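Student: Quick one: structure below, then a few questions.
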Amino acid sequence: PRLHVEARLGQGLVLPLERAQAGYLLTVLRKSEGDSVLLFNGRDGEWRGEIQPQGRKSADLAIREQTRTQPAPADLHYLFAPLKAARLDYMAQKAVEMGAGLIRPVFTRYTQGERIKLDRLRANAIEAAEQCGILAIPEIAELTRLPAALDTLEPERLLVFCDEDAPVADPVAALRAACDPAKPPPLAVLVGPEGGFAPEERARIAGRPNTVALSLGPRILRADTAAVAVLALVQAVLGD
Ligand code: SAM
């Protein structure tokens, strides 16, 4: 199993586990004395810890050796209009699994999502990182209005804008034509709300240089479907 911990990680440290994590290891996974757990905190790489039960419901982890060094964080920016809570969790988890390095909820005119709970987004990102085996936890940015969100993108960052109104064309060819696939620029993807972008927002996005309006085909996808599709495409065509 892989566990995210907030604590510092290093050779020979002994880490008292939180009750929930100890319970998960000892009762759910039925781990016992000497069994190994992989630990990461998002900064110090990945370390192997050995379980030292302290009674039925608590355990320490004796940290042995480092198993992976800390990689550079992913650089893909994922901008999306928040949806209802449950699907918001899903979008955060899929963004992490699909290689986003920064997750930025964007407030648009037709956004329906409730108030964004950033700590909930971060908890989802950590859970997804545990599950998919990455060590660098993506940054969760503050909820940002669309114009300000676009301004956070460096000029050289190619913005892939999921536009259901773009002429239906081969998205792979469109991505390849928008940059040099052999040396892809920094990337960002933008997915709109269930209600779509307002006309003035669409104009603002299209007005940004270094932006490609990408059609994902003739069907209107739900925002969370479009998000996974575009992240998969970008990784497949331009991924590092
Ligand atoms: N205009 C849509 C409609 O008529 O229902 C509303 C937006 S759609 C449900 C949600 C978002 O997913 C869009 O803002 C867009 O970013 C993305 N999307 C959906 N289908 C797409 C497609 N075929 N190509 C590109 N992006 C798409």
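The values are calculated or read from the model by the stated rules, or taken from the named source; none is laboratory data. Just so it is clear, the structure is predicted and the values come from calculations on it, not from any experiment. Cβ coordinates were reconstructed from backbone atoms using ideal geometry, including for glycine residues, and neighbour counts include every protein chain displayed. Please note that ligands, DNA and RNA were not included when accessible areas were found on the heavy atoms of the full protein model with its side chains. Shrake-Rupley method; radii C 1.70, N 1.55, O 1.52, S 1.80 Å.
Student: In whole percent, how big is the carbon plus sulfur part of the accessible area of the chain, probe 1.4 Å, protein atoms only?
Tutor: Accessible surface attributable to carbon and sulfur in the chain totals 54 percent.
Student: Moving to a separate point now. I need the per residue convex hull volume for the chain, using only the alpha carbons, in cubic angstrom as a whole number.
Tutor: 129
Student: Which of the GluC sites (Glu not before Pro) across segment 170-208 are loop residues per DSSP, with 13 or fewer other Cβ within 10 Å?
Tutor: none
Student: Between the helical axis of 85-97 and the dominant principal axis of the chain, each derived from Cα atoms, what acute angle in degrees is found, rounded to the nearest 10?
Tutor: Taking the Cα atoms of the chain, the angle to 85-97 is about 80 degrees.
Student: Let me ask something else about it. Of V212, V37, V28, which has the largest mean-square fluctuation in a 10 Å C-alpha GNM of the chain?
Tutor: V28
Student: Please report, largest first and rounded to whole Å, the three semi-axes of the ellipsoid equivalent to segment 96-152, where each semi-axis is the square root of five times an eigenvalue of the C-alpha gyration tensor.
Tutor: Computed over segment 96-152, the values are 23, 13, 9 Å.
Student: Using a cut-off of under 11 Å, list every residue of segment 15-39 whose amide N is near the label point 7 Å from the Cα of E50 along the Cα-to-beta-carbon line.
Tutor: The answer is 33-36, whose backbone nitrogens lie closer than 11 Å to the label point.
Student: Further question: Enter the Cα centre distance for the pair segment 72-101 and segment 106-130, rounded to the nearest angstrom.
Tutor: 8
Student: Report the label-to-label distance for R222 and R19 in nanometres (one decimal), using points 7 Å from each Cα along the Cα→Cβ vector.
Tutor: If labels sit at R222 and R19, their model points lie 3.6 nm apart.
Student: Pull out a ≥ b ≥ c, the square roots of the eigenvalues of the alpha-carbon gyration tensor of segment 151-206, then state rounded if a/c is under 1.5, prolate if not and a/b is larger than b/c, and oblate in the remaining case.
Tutor: Here segment 151-206 falls in the oblate category.
Student: Rounded to the nearest whole Å², what accessible area per residue is found for segment 1-158 with the 1.4 Å probe?
Tutor: Heavy-atom accessible area per residue stands at 49 Å².
Student: Next question. If you keep only loop residues by DSSP, which GluC sites (Glu not before Pro) in segment 1-103 have at most 15 other Cβ atoms within 10 Å of their Cβ?
Tutor: E6, E18, E33
Student: To the nearest Å, what is the center-to-center distance of segment 131-204 and segment 5-63, using C-alpha atoms only?
Tutor: Distance between centres, Cα-based: 38 Å.
Student: For segment 38-109, what does the alpha-carbon gyration tensor say about shape, rounded, prolate or oblate, given a ≥ b ≥ c as the root eigenvalues, a/c under 1.5 as rounded, and a/b over b/c as prolate?
Tutor: oblate
Student: Place a point 7 Å from Cα of R64 in the direction of its Cβ. Which residues in segment 1-35 have their backbone N less than 17 Å from it?
Tutor: 1-3, 10-15, 31-35
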